[in-house]
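Below is one structure, written out as structure tokens, with a few remarks after it.
The values are calculated or read from the model by the stated rules, or taken from the named source; none is laboratory data. Note that the coordinates shown come from a computational prediction; the quantities given were computed from them, not determined experimentally. Glycine also receives a Cβ, built like all others from the backbone with ideal geometry; neighbour counts cover every protein chain displayed. Side chains included, ligands, DNA and RNA excluded: accessible areas come from the protein's heavy atoms. Shrake-Rupley method; radii C 1.70, N 1.55, O 1.52, S 1.80 Å.
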Amino acid sequence: MGSNETTAERIADAAGRAQVSVATAESLTGGQISCVLGAAPSSSDWYRGSIVAYSSEVKHRVLKVPEGPVVSEASARAMVAAVAEILDADVAVAVTGAGGPDPQDGQPPGTVWFGVIAGDEVSAELQHFDGDPKDVVDATTEHALSLLAKTLDGLSD
């Protein structure tokens with residue numbers, strides 16, 4: 001079992017204990033986080049789903065991202081708040097970034113913003129990952145799952 005699957009099991013257990021629902025909003029990962037969560041134990045009990053908004057237009061229209069660069073803290077915060085509202089989730093994670101090989105919004109490849117919401121608390125963080133686009137997507141997926149697990153662990157203690 002890979003580390004993502006192990007983390008997904010931890011997420012499943014913590015979501016069950018805390019009796020909360022989970023959702024994701026994904027851009028550069030193209031649904032990879034959702035695939036891992038959908039395969040987790042009892043996912044139909046706690047996983048609400050994902051909105052994969054790869055194009056900037058979809059981010060602006062569906063996930064209420066403000067005009068301007070989509071590789072930004074404001075974008076990550078808007079995406080996570082919108083997906084939690086749209087999918088009626090208690091906890092959510094959002095990812096937006098420059099996967100490469102070219103820069104996006106003036107940001108170098110590997111620049112990724114994460115948004116997390118639990119209840120009314122929204123946070124965001126910036127990470128930089130090295131490698132080709134697949135490496136960046138894999139690292140982003142792993143980090144997003146880790147953020148979800150950490151957030152859920154805090155709720156179920």
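Observations, loosely collected:
- Across the accessible surface of the chain, with the other protein chains kept in place and a 1.4 Å probe, carbon and sulfur atoms take up 48 percent.
- Alpha-carbon centroid distance for the pair the stretch 12-32 / the stretch 49-73, whole angstrom: 18
- Helix 3-18 vs. the chain, principal-axis angle (Cα, 0 to 90°, nearest 10): 50
- Taking a ≥ b ≥ c as the square roots of the eigenvalues of the alpha carbon gyration tensor, the stretch 1-134 is oblate, as a/c is not under 1.5 and a/b does not beat b/c.
- An oblate overall shape is assigned to the stretch 66-156, the ratio a/c of its alpha-carbon gyration tensor axes (a ≥ b ≥ c) being 1.5 or greater and a/b not exceeding b/c.
- Of all DSSP beta bridges in the chain, antiparallel share, percent nearest 5: 60
- In order along the stretch 80-94, phi translates into HN-Hα couplings of 5, 5, 5, 5, 4, 5, 4, 9, 6, 10, 7, 9, 8, 10, 10 Hz, rounded to whole numbers, per the Karplus curve 6.51 cos²θ - 1.76 cosθ + 1.60 with θ = phi - 60° and x for Gly and Pro.
- Loop-located chymotrypsin sites (Phe, Trp or Tyr not before Pro) across the stretch 1-109 with a Cβ neighbour count of 11 or fewer within 10 Å are lacking, with loop assigned by DSSP.
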